[in-house]
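The values are calculated or read from the model by the stated rules, or taken from the named source; none is laboratory data. Remember, predicted model here, so these are calculated numbers, not experimental data. Glycine also receives a Cβ, built like all others from the backbone with ideal geometry; neighbour counts cover every protein chain displayed.
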Amino acid sequence: MTQHHPDSFSLMEYSAGNLTEPHALCIRLHLDQCSHCRSRVDMLDSLGAIMMEQQPQVSVADTTFDSILARIDEGPGPDQVEAQQRRSVGPLQKLLGNDLDSLPWKRQLGDVSVLDISDRFPGQTEQVVLQKLTAGGKAPTHTHRGEETTIVLQGAFADNKGIFNQWDFVVLNQQDEHKPIALEGDDCITLSVLSAPVKLTGTFTRLLNPFIR
Ligand SMILES: [Zn+2]
């Protein structure tokens, strides 16, 4: 089951249609597999519709905003959480026209392969990268110069913040230094949207690779 979800602000931005296409794709992939977050977005969509209808008579105070966020954070009960589907990448597969294992991966040093798919998003300035870490493999220690939004598409990885399974969502920034390790079993494949390059901090300083963004 998905343990790491997009934060409330990201879901609000998604609901409002304010996210860039690559960021929206990350959220959509997660929503396809997470009934918890789908319920939160449904609630946001409803709230947004009500607020649109009532404008301009209603002004939204900070306290209202906070209470909306609190309600969203509560989410649905456990009975609403569905079983997760495996290996269903839906919108991404349509975009790539291929399954994940058949993509033209570029092998980097060590256990990491990468595929830059930024060109699938014409007009966007962010870098969009698929990253693959061989099952049981390790990525170099690195920090992040900007913000990186990542969703796990297959397999799982662990770092100092915990274990990230399929469809888990994680946002990393300048404060985060980590060294991801793929769990045994499937190769770990992630989709990342990067606002700035990665800064390597370990011994693999010549390495320019994924899991690293
Ligand atoms: Zn979720």
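One residue stands out in segment 1-28 among those that are assigned to a loop (DSSP other than H, G, I, E, B) and within 11 Å of the ligand (Cβ to nearest atom): the one that is surrounded by the fewest Cβ atoms within 10 Å (Cβ to Cβ), namely 3.
Set side by side, the residues 148, 126 differ, and just one is crowded, with 18+ Cβ neighbours inside 10 Å, at pLDDT below 95 and in contact with a Pro (Cβ under 8 Å, 6 or more places away or on another chain), which is 126. Residues that are buried (at least 22 other Cβ atoms within 10 Å of the Cβ) and basic (Lys, Arg) within segment 29-48 comprise just one, 40. Contact annotation: residue pairs with Cβ atoms under 7 Å, 6 or more positions apart or on different chains, pairing a residue in segment 4-15 that is closer than 16 Å to residue 29 by Cβ with a partner that is within 11 Å of the ligand (Cβ to nearest atom) and of a type in the set (D, E, K, R), are 4/168; 11/40.
From the list 111, 168, 119, the one residue that fits, being buried (at least 19 other Cβ atoms within 10 Å of the Cβ) and more than 18 Å from the chain's Cα centre (by Cα), is 111.
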